[in-house]
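> Sharing a structure here in structure tokens format.
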């Protein structure tokens, strides 16, 4: 009897030890699989996986220390959404969803979103809500969409009908704002308003095209001040002094993305396609032999100007999509591939040991006015800081890679 008790006690100790060891083994396997970046993976996957590896939580994109409803995250996550459609890796979907769910509350409110600032940049993250709402059918996502649509309903406008860039920049339209606001606006009106706002969307492009286009080059200036009061504004035209490639990139991306939703029989559709052709033809004249474009678009080779990643990636994407959709002649597909070659051979200078890639020569930020004051001069643009793998370059890089199937 004693022996059998001892045996059973011994067995129970043994079993406990075994369970402990087993549970330790299981625990060590619980963390998500390490992200592997294949040497022969497509460029879109390479870039997306690089960013996910370096920023394990999607709110950490752009080295953010805490969650923020922001256009830079939205640009990268939108590109990953598009990648998921071509390569349905569940990690991509989860990465986007984790960002949205960080902010959207049960009542449809959005944490860190500052409605009252009427900052058109904050409309862009709303694009991420459409797919999440479509797949989940949860009311909170619809309410969040309606909240952002409300901002556009109340957004201050120029007398000619264009959205102000921000409340703090009265009477000003910037090319950036066309991408920040119009693709969301177009998708919303197509899906929830039976297309009633397409005239207003076309109006945004009409105003900036009319006011900001330079008759000599065909390029559009970065900003336009209707009041002509800003120190950076030309006293006759209201335009800022220079052509900035990224702002032109925002503009052409806005056109190709809005055209996804504008009905083929809409009377303004042909106008938008014409705008795209006009500015694309103008840009083609300034493409460098490397395939890339300079930070200040029309001043290649001048002191301190440099071949810049974000504008080049945006043009590559817009040209490729424009040609794929039949808006642009086929020569633009060739120009898009040439640009992409420049990005991968000139600006991706090394591959990390883990397969991660780094896109260099990305302008980190540029604007007009504000504090400290930004005067829009040539010297201003070429001396703004740069950041490797800046989201304004990596997002369009993924989109271009997808359009080109590279």
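The values are calculated or read from the model by the stated rules, or taken from the named source; none is laboratory data. Remember, it's a predicted structure, so these values are computed and weren't measured experimentally. We place every Cβ from the backbone using ideal geometry, glycine too, and count neighbours over all the protein chains shown.
> Restricting attention to segment 206-221, and to residues there that are touching a helix residue (DSSP H, G or I) at 6+ places or on another chain (Cβ under 6 Å) and surrounded by 18 or more Cβ atoms within 10 Å (Cβ to Cβ), which single residue is nearest to residue 133 (Cα to Cα)?
Looking at residues that are touching a helix residue (DSSP H, G or I) at 6+ places or on another chain (Cβ under 6 Å) and surrounded by 18 or more Cβ atoms within 10 Å (Cβ to Cβ), I get 209.
> Working carefully through the options 366, 335, find the one that is buried (at least 17 other Cβ atoms within 10 Å of the Cβ), under 16 Å from residue 286 (Cα atoms) and in contact with a helix residue (DSSP H, G or I) (Cβ under 7 Å, 6 or more places away or on another chain).
Working: 366 fails: under 16 Å from residue 286 (Cα atoms).
None of the other options fit; the residue is 335.
> Here is a follow-up. Of the residues that sit in segment 338-363 and are outside any loop (DSSP other than H, G, I, E, B) and in contact (Cβ under 8 Å) with a residue 60 or more places away in the chain, which one is surrounded by the fewest Cβ atoms within 10 Å (Cβ to Cβ)?
It comes out as 344.
Residues are listed down the side, and each one gets a yes or a no for (1) part of a loop (DSSP other than H, G, I, E, B); (2) more than 18 Å from residue 337 (Cβ to Cβ):
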| residue | (1), (2) |
| --- | --- |
| 277 | no, yes |
| 289 | yes, no |
| 318 | no, no |
| 326 | yes, no |
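> Within segment 228-245, identify whether any single residue is closer than 17 Å to residue 366 by Cβ, under 23 Å from the mean Cα position of the chain (by Cα), modelled with pLDDT of 95 or more and in a helix (DSSP H, G or I), and answer yes or no. Outline the logic, then answer.
Taking segment 228-245 and keeping what is closer than 17 Å to residue 366 by Cβ, we get 230-233, 239-245.
Keeping just the survivors that are under 23 Å from the mean Cα position of the chain (by Cα) gives 242-245.
Right, trim to modelled with pLDDT of 95 or more and you get 242-245.
The next check asks that each one be in a helix (DSSP H, G or I); those that pass are 245.
For segment 228-245, residues closer than 17 Å to residue 366 by Cβ, under 23 Å from the mean Cα position of the chain (by Cα), modelled with pLDDT of 95 or more and in a helix (DSSP H, G or I): present.
> Could you pull out the residue among 144, 134 that is at pLDDT 95 or above, farther than 21 Å from residue 280 by Cβ and surrounded by fewer than 17 Cβ atoms within 10 Å (Cβ to Cβ)?
134
> What number of residues within segment 369-388 are in contact with a helix residue (DSSP H, G or I) (Cβ under 7 Å, 6 or more places away or on another chain) and either buried (at least 21 other Cβ atoms within 10 Å of the Cβ) or assigned to a loop (DSSP other than H, G, I, E, B) (or both)?
First, pick out the residues of segment 369-388 that are in contact with a helix residue (DSSP H, G or I) (Cβ under 7 Å, 6 or more places away or on another chain): 374.
Applying the additional criterion that residues be either buried (at least 21 other Cβ atoms within 10 Å of the Cβ) or assigned to a loop (DSSP other than H, G, I, E, B) (or both) yields none.
Total meeting the criteria: 0.
> OK, next. Looking at (1) in contact (Cβ under 8 Å) with a residue 24 or more places away in the chain; (2) over 19 Å from the mean Cα position of the chain (by Cα); (3) surrounded by fewer than 19 Cβ atoms within 10 Å (Cβ to Cβ), can you tell me which one residue 163 breaks?
Every listed condition holds for residue 163 apart from (3).
> Turning to a different aspect of this structure: Being over 17 Å from residue 245 (Cα atoms) and modelled with pLDDT under 95: is that true of residue 341 here? Talk me through it step by step, then tell me what you get.
Numbers: over 17 Å from residue 245 (Cα atoms): yes; modelled with pLDDT under 95: no.
It is false that residue 341 is over 17 Å from residue 245 (Cα atoms) and modelled with pLDDT under 95.
> What number of residues in segment 53-80 are farther than 17 Å from residue 365 by Cα, surrounded by 19 or more Cβ atoms within 10 Å (Cβ to Cβ) and touching a residue at least 24 places away in the same chain (Cβ under 8 Å)?
So the answer is 7.
> Something else about it: Being assigned to a loop (DSSP other than H, G, I, E, B) and either touching a helix residue (DSSP H, G or I) at 6+ places or on another chain (Cβ under 8 Å) or at positive phi (or both) is the filter here; which residues of segment 171-198 pass it?
171, 194, 195, 196, 197 - these are the residues of segment 171-198 that are assigned to a loop (DSSP other than H, G, I, E, B) and either touching a helix residue (DSSP H, G or I) at 6+ places or on another chain (Cβ under 8 Å) or at positive phi (or both).
> Taking segment 222-269 as the region of interest, how many residues are without any contact (Cβ under 8 Å) to a residue 40 or more places away in the chain and more than 23 Å from residue 191 (Cβ to Cβ)?
Here the count works out to 8.
> For segment 292-299, indicate whether the set of residues that are surrounded by fewer than 21 Cβ atoms within 10 Å (Cβ to Cβ), without any contact (Cβ under 8 Å) to a residue 24 or more places away in the chain and either out of contact with any helix residue (DSSP H, G or I) (no Cβ under 6 Å at 6 or more places or on another chain) or closer than 20 Å to residue 386 by Cα (or both) is non-empty.
Narrowing segment 292-299 to residues surrounded by fewer than 21 Cβ atoms within 10 Å (Cβ to Cβ): 298-299.
Next, from what is left, pick out any that are without any contact (Cβ under 8 Å) to a residue 24 or more places away in the chain: none.
No - not one qualifying residue is present in segment 292-299.
> State whether one or more residues within segment 36-46 are surrounded by fewer than 22 Cβ atoms within 10 Å (Cβ to Cβ), more than 23 Å from residue 393 (Cα to Cα) and within 18 Å of the chain's Cα centre (by Cα). So that I can check it myself, show each step before the final result.
Step one: filter segment 36-46 for residues surrounded by fewer than 22 Cβ atoms within 10 Å (Cβ to Cβ), giving 36-43, 45.
Remaining after also requiring more than 23 Å from residue 393 (Cα to Cα): none.
No.
> Right, here's the next one. Report yes if some residue within segment 199-219 is part of a helix (DSSP H, G or I), free of Cβ contacts under 8 Å to residues at least 40 places away in the same chain and closer than 21 Å to residue 311 by Cα; otherwise report no.
yes
> Can I ask one more? Is it the case, given these coordinates, that residue 158 is touching a residue at least 60 places away in the same chain (Cβ under 8 Å) and touching a strand residue (DSSP E or B) at 6+ places or on another chain (Cβ under 9 Å)? Give the steps one after another, and end with the answer.
Values: touching a residue at least 60 places away in the same chain (Cβ under 8 Å): yes; touching a strand residue (DSSP E or B) at 6+ places or on another chain (Cβ under 9 Å): yes.
Against the criterion (touching a residue at least 60 places away in the same chain (Cβ under 8 Å) and touching a strand residue (DSSP E or B) at 6+ places or on another chain (Cβ under 9 Å)), residue 158 qualifies.
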